[in-house]
Each structure stands twice: as structure tokens, then as C-alpha cells.
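The values are calculated or read from the model by the stated rules, or taken from the named source; none is laboratory data. This one's a predicted model, so the numbers in the text were calculated from it and none came from an experiment. Note that we place each Cβ from the backbone using ideal geometry, even for glycine, and neighbour counts take in every protein chain shown. Ligands, DNA and RNA are excluded from the accessible area calculation, which covers all protein heavy atoms including side chains. Shrake-Rupley method; radii C 1.70, N 1.55, O 1.52, S 1.80 Å.
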Amino acid sequence: MSPLITIGNGCIGLSVGFSLLGMILFFASRRTESSSLAPLASLAAWGRGSVYANFILITTANLAKVYGLLSNDFGISYVAHVGSLETPRWISAISLWSSLEGSILFWGWILTTYAAVCIYIYRDRDEKFFSWVGLTLLFVELFFFLLLALPANPFLPVIPAAMNGPGPNPLLQNHWLMSIHPPFLYIGYIGFTVPFAFAIASLLETGEEWISWARPWILFAWSFLSMAIVLGGWWSYAVLGWGGYWAWDPVENASFMPWLTGTALVHSIIVYEKRKMLHSWNVMLAILTFLLTLLGTFLTRSGVLDSVHSFTESHVGPYFLVFIGITLVLSMTLLLWKSPQSQEQGKVQSLFSLEVLFLFNNLLFLSFCFIVFLGTLYPLIVEAIKGQRISVGEPYFNQMTVPIVGMILLLMGIGLATPWKKGSFRSFLNLSLKPAVVALLITGCSFFRGARNLWLMVVIFLASFAFLIMLFEVARIFRQQGVTNLFATNRRRYGGFVSHLGALIIIVAIAISSLYKKDHEITLQKGESGQIGRYTLTLQGITAEQAAQRFEIKAIVQVSEKGKILGELTPQMNFYPMSQQPIGSPAVRSTPVEDLYLTLISFEQDGSKVSIRAMISPAVSWIWIGGVLVMIGGLIAL
């Protein structure tokens, strides 16, 4: 038997023990009241030691797993399931998160990293409060360690050891984005565990500063989750060959729901910091966001939903449902029990104030989340009750969410021109009149440039209005303070501006690319040309070659515009030994204006003819740029 199995299982087993011990120690330590129980004060330090021990143990287990993957130790069941001698080494390394057991192990490592860093940073703060934080973090760790020890053990032996394996899922080794999308997603998902722990601790032990303590963790997790969602859309666009980046797929929705409530939380904590309002609301949002990350993991890893993003079927589903149920019941019980005791210090002084607009903003994001939740879970509910399989498609989501996006855009602009406490309609007009006039001019120019769709024109006006108010505000501060003070003070506000700018770019780009995409299927013989839009596509030939882990068929297509050769694109099909169907790799010529997107659909064996799906998608590259800006803005504000 491989020694890595002994190391891995030993680390997981010890982590279960340290989690239980640490929870007991933290609970006992917060009982210490005075010097009469002073010896017990060291119990909190021992509890912190349990958190650090878990980090060391799970780090060791992950290193053992990566070493097993890189060394092709097929005596380990996980390596035998996802590894192969032909797989390139970098793909073998990232196969750690390519299947259920490895992804849970990787999840555990990120969780223990968050917990260890959090407990270390606040080791000298309010000991009673952070004992509850530590206990909550260890409670969550314990659940994932039990998964690793029982239904999702990544260190089961294979006797006799296999000679080779099938390699990871072809979709996971078909593009380099899979090396960064899952880690970003996990960092975002798991990061919301820390605000959840702070929220629970605030219910069990008064901690007036808990939102200030939780704020950087909220922004950090939200920034990475934002970028992860965009990276997931990019992966879908670059790998699946359908020419889109978002299809309201159930697993896409699973990551989007906690982002929506997390975005509400990001805005809601500002109200508490500025006006000492919405304390219980913030607690509720922190709990809800964490529960939605668990639900997203359940949907992704339980196999209950059909999705191109769901790569496994397993037996962890019931475990997740039990844990979600326990966490929901305990959290809501605490919230209902303790919330009446929390007194809101701030009061609403005017309906025309920024705090009221933030509350409307929160209600819109929660409504958005409920719509997505209902559309995602309704097919499961119907199947469970009636035994019928139904699907909820894009028309439902688009019809229900587009008006909400419009209202969020409107609030984004109005909020930037509305003060705290008390505002007046006259002051709002003074701040917003010029931006509104310029936004109307921009919308008119867009109309004469061909943007005749009413929804698109509304989006352009509202996005331009919000952007121009931000721009005028920055210009005003620049005139008053100069460029040095502009960037030296109030980075939170400017980080918010950058994130809002990224969001505006994404919304406008999605509207344009959705409404003006061109899609044609072209069949070409060698040397023959076809037309899509202003592009001429000429088939130069077909190549076939054996790569390390797959067989590749490539169509070489020359792209020209009005007789000028722009270059070559090579859409291809990849044939993997473990897959009965080929996996396509689209070829994309991307510019700031539009993407030319080619997918190889079929080919003749003799290489004489191919069928290609050709698409022109305007403004798609701006979606990725907007995602980067959203993340950068969040990190600046952090």
C-alpha cells in the first residue's frame, strides 16, 4: 500500500480529532470570567492551536495528494480515477480539483487557511468573541473533514495498483482556464465562511466592531467570487463551442446566488458603518450567503442536476443536505432569539437619503436571488413531488431579471447623487442634470449608430448616467484636493467607483453581444471561401496530429476582410481516450469591437470538406475587462 495513503488518512483523522478538541476548548475558554478562573484563559490559546494544527495537517494531505498525482501513484484510488501516464504534468497537478474527493480536499485546505489566518490576526482581540468565531470555523471544518473521512475519502487504496488511469475529465483539461477558475471560485465561496463565523459570534457574544472586523473578509471573498464567475463564463465561451458565456445553467446559478446576496452584504455593511443601521439585516445576509455557498457546492457535487459544469455523481448529497439543515436551523434560531436584543442606533431621517436607497438596493438583489433560486430549484421540486422532469430555460430568467437589472442601474446612478441622512430633490437635480443631459446625447448617438432596441437604449442611458456622475464626482474632488489627495484618501469610495465601472461595462457588453450576435453554419471544401458579415473565411486545409493525451483534428481557416488577410484561425476537435465524443476547441479572433468565433462541427475523413459554425459576437471582450475591474475595485476598497 502506498505510504501516501497512510499519511493522507492520518492527517484527515487527526484533523477530525483536533476540530472536536478545539471546539471544546473554545467553548470552555469563553466561560472564564475573572482571575479566579485565570488558568482556563489558556484554553483559548490551545483552541487556536487546534486551528493551526488543522491547517498544517490538511496542507500535508494536499501535498501528499499532489505528489501522488505527479508521480502517478495508481495505488491511490483518486489517482487511478483521474490520473494517467499521458496527461501533462501541469494538468496532473490541477487534477486535484477535477473530481469530488480532490475538490473537497482542496476546499478543506482553503478553509483551514482562512481559519488559521483569521484566528492569528485577531489573537489579541476580544477573546470571548473570537472564541465563538474559532468554534464556528472549526464546526464548519469538522463537517468537511468528516466528508473526507467517510463518503469522499481521497486516499482509498487500490489493490493491486492500476497500471494506468483514464486521466481527468476531458472538459477539465481542454483549456488553461481550468487551472485558475476553480481556485478563484473556491477562494470566493469559502471566504464567506469567515463573515458567517463573525455573524454567529455577534449573536452569541456582543461585539460592536464585528462588521468592521468582517468587512475585509467580505470584500476579499466577494472580489474573488466576482472574478470567478467571469472566468467561468470565459471558460464556457472558450471551450464548449456554443458561442455563449452564460446560459442560466443550474451550476452557473449556484455560484451566482451567493454573489447576489454577497453584493447586498457589501452594500449593507456600508449603511451600518455610516449610520449604525441594519445590524440584524447584516447578520442575516452573512448567514444567507454562507448557506448559499453550501447549496452551490451541493448542486455542483451531488449530481442532482444535469449541467455541463457538474463533473461528478456522488453520495455526498445527503450529508450536505443534513449539514445545511442543521446550520440553517441553528442560525435562524439564534437570529430570532438574539435579534430583538440588538438596538439600531441610527434612524431613517428622510426617505430621500442614501441609506434608504441602499435598502432598496438590497431588496432588489435579494429579489434577483429569489428568482434565480426558484428557477434553479423548481425542476428538482417538481421531480421529487410528481416524478416529472422539467426544465426552466432562459426565457424565464431573462423576462424576470432584466427589469431588476434596469432598476439596479437606475439606483446606481441615483445613489451617487444622494447624500446620507437627508437629501433634497433640488440638490439631486443640481448634481444629476448635467450627467443626465450628456447621457441622453450618448444614447442619441447610439441610436443613430444602429442601436434601435429599446432595452439596449435604456441600458446605455442608465449606464452612461451612472458613469458620468462618478466621473463628475472624481473631477470635483480633483479640483478641490489635487491629484495627490485624490488617491491618498477615501480609497473605499474609489474602489467602489472602479467596481461599479466594471459592472456597468459588463451589463452594457452583455446587452450588445446578446442582441447583435450573428450566427451561420458554413460548409467549405479545401480552397473554398465563405462569408459572414464583413469577414471572408477560406479553408486552407485540415491537419491531424497526436498530442500527449489526445488526438487533434484542426481546420486551418484564413480570415480576410475586403481582400486584406487578417490571419488564420484553427478551430479543432480533440479526441480523448476516455471520451466517446470529441471535445471542440473554438478559435476566436478577439478585438475591442467584436469577436469572430469559429467552431469545427464536422469534417470528411479525407480532409476535403469541413462544416464550421461561424459567429460574430460584438463587445464580448469587454465582459472579461469588466470582470477584472470589478475585482480590482473590490481589492482597492479592501
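Which condition number does Val66 fail, the rest of (1) part of a helix (DSSP H, G or I); (2) open to solvent by less than 30 Å² (accessible area, probe 1.4 Å) being met?
Every listed condition holds for Val66 apart from (2).
Checking the condition under 30 Å from Ser236 (Cα atoms) and either of a type in the set (A, V, I, L, M, F, W, C) or without any contact (Cβ under 8 Å) to a residue 12 or more places away in the chain (or both), which residue from Trp132, Trp176 passes?
One residue alone meets the criteria, Trp176.
Name the single residue, out of those in the range 79-125 being closer than 27 Å to Phe18 by Cβ and in a loop (DSSP other than H, G, I, E, B), that is most open to solvent (accessible area, probe 1.4 Å).
Asp124
Looking only at residues in the range 425-456 that are open to solvent by 40 Å² or more (accessible area, probe 1.4 Å) and assigned to a loop (DSSP other than H, G, I, E, B), which one is farthest from Val372 (Cα to Cα)?
Arg449
List the number of the failed condition for Ser608; all other conditions in (1) open to solvent by less than 30 Å² (accessible area, probe 1.4 Å); (2) modelled with pLDDT under 90; (3) of a type in the set (Ser, Thr, Tyr) hold.
Here Ser608 meets the rest and fails (1).
Going through the range 204-224 one residue at a time, which ones are in contact with a Gly (Cβ under 9 Å, 6 or more places away or on another chain) and open to solvent by 40 Å² or more (accessible area, probe 1.4 Å)?
Listed by number, the list holds a single entry, Phe220.
Looking at Phe397, Phe373, which is the one that is within 26 Å of Leu454 (Cβ to Cβ) and not in a loop (DSSP other than H, G, I, E, B)?
Going through Phe397, Phe373 in turn, just one is within 26 Å of Leu454 (Cβ to Cβ) and not in a loop (DSSP other than H, G, I, E, B): Phe397.
Taking the condition of being assigned to a helix (DSSP H, G or I), in contact with a Gly (Cβ under 9 Å, 6 or more places away or on another chain) and of a type in the set (A, V, I, L, M, F, W, C), how many residues in the range 586-638 meet it?
Residues that pass the stated criteria total 11.
Each row is one residue, and each column tells you yes or no for (1) loosely packed, with under 15 Cβ neighbours inside 10 Å; (2) more than 30 Å from Ile553 (Cα to Cα); (3) at pLDDT below 90.
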{"site": "Met470", "(1), (2), (3)": "no, yes, yes"}
{"site": "Tyr494", "(1), (2), (3)": "no, yes, yes"}
{"site": "Val498", "(1), (2), (3)": "no, yes, no"}
{"site": "Leu524", "(1), (2), (3)": "no, no, no"}
{"site": "Leu537", "(1), (2), (3)": "no, no, no"}
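Can you say whether Glu568 is open to solvent by 60 Å² or more (accessible area, probe 1.4 Å), in contact with a strand residue (DSSP E or B) (Cβ under 6 Å, 6 or more places away or on another chain), without any contact (Cβ under 8 Å) to a residue 12 or more places away in the chain and assigned to a strand (DSSP E or B), as far as the supplied structure shows?
Answer is no for this residue.
Exactly one of these conditions fails for Leu504: (1) in a helix (DSSP H, G or I); (2) under 20 Å from Tyr237 (Cβ atoms); (3) touching a residue at least 12 places away in the same chain (Cβ under 8 Å). Give me its number.
(2)
Going residue by residue through the range 191-201, is there one that turns out to be surrounded by fewer than 22 Cβ atoms within 10 Å (Cβ to Cβ), touching a helix residue (DSSP H, G or I) at 6+ places or on another chain (Cβ under 6 Å) and assigned to a helix (DSSP H, G or I)?
No; the residues of the range 191-201 include none that is surrounded by fewer than 22 Cβ atoms within 10 Å (Cβ to Cβ), touching a helix residue (DSSP H, G or I) at 6+ places or on another chain (Cβ under 6 Å) and assigned to a helix (DSSP H, G or I).
Looking at Ala93, Ala80, Ala116, which one is of a type outside the set (Ser, Thr, Tyr), at pLDDT below 95 and in contact with a helix residue (DSSP H, G or I) (Cβ under 8 Å, 6 or more places away or on another chain)?
Testing whether each residue is of a type outside the set (Ser, Thr, Tyr), at pLDDT below 95 and in contact with a helix residue (DSSP H, G or I) (Cβ under 8 Å, 6 or more places away or on another chain) leaves just Ala93.
Before we move on, is Ser464 open to solvent by less than 50 Å² (accessible area, probe 1.4 Å) and either under 18 Å from Glu252 (Cα atoms) or assigned to a helix (DSSP H, G or I) (or both)?
yes
Find all pairs meeting these conditions: Cβ atoms under 6 angstrom apart; at least six residues apart or on different chains; first residue within the range 616-638 and within 30 Å of Thr536 (Cα to Cα); second residue of a type in the set (Asp, Glu).
Sorted first by the residue in the range 616-638, then by its partner, the pairs are Ile616/Glu594; Ser617/Asp595; Pro618/Glu594; Val620/Asp595.
Of the residues that sit in the range 390-424 and are under 18 Å from Val356 (Cβ atoms) and hydroxyl-bearing (Ser, Thr, Tyr), which one is surrounded by the most Cβ atoms within 10 Å (Cβ to Cβ)?
Going through the qualifying residues, I end up with Thr418.
What tally of residues in the range 432-467 results from selecting those that are touching a Phe, Trp or Tyr at 6+ places or on another chain (Cβ under 8 Å) and either of a type in the set (Val, Ile, Thr) or in contact (Cβ under 8 Å) with a residue 60 or more places away in the chain (or both)?
2
Answer yes or no: is there a residue in the range 160-172 that is open to solvent by 40 Å² or more (accessible area, probe 1.4 Å) and under 30 Å from Val588 (Cα atoms).
Yes, the conditions are met somewhere in the range 160-172.
Could you tell me whether the range 133-150 includes any residue that is surrounded by 18 or more Cβ atoms within 10 Å (Cβ to Cβ), touching an Asp or Glu at 6+ places or on another chain (Cβ under 7 Å) and at pLDDT 90 or above?
no
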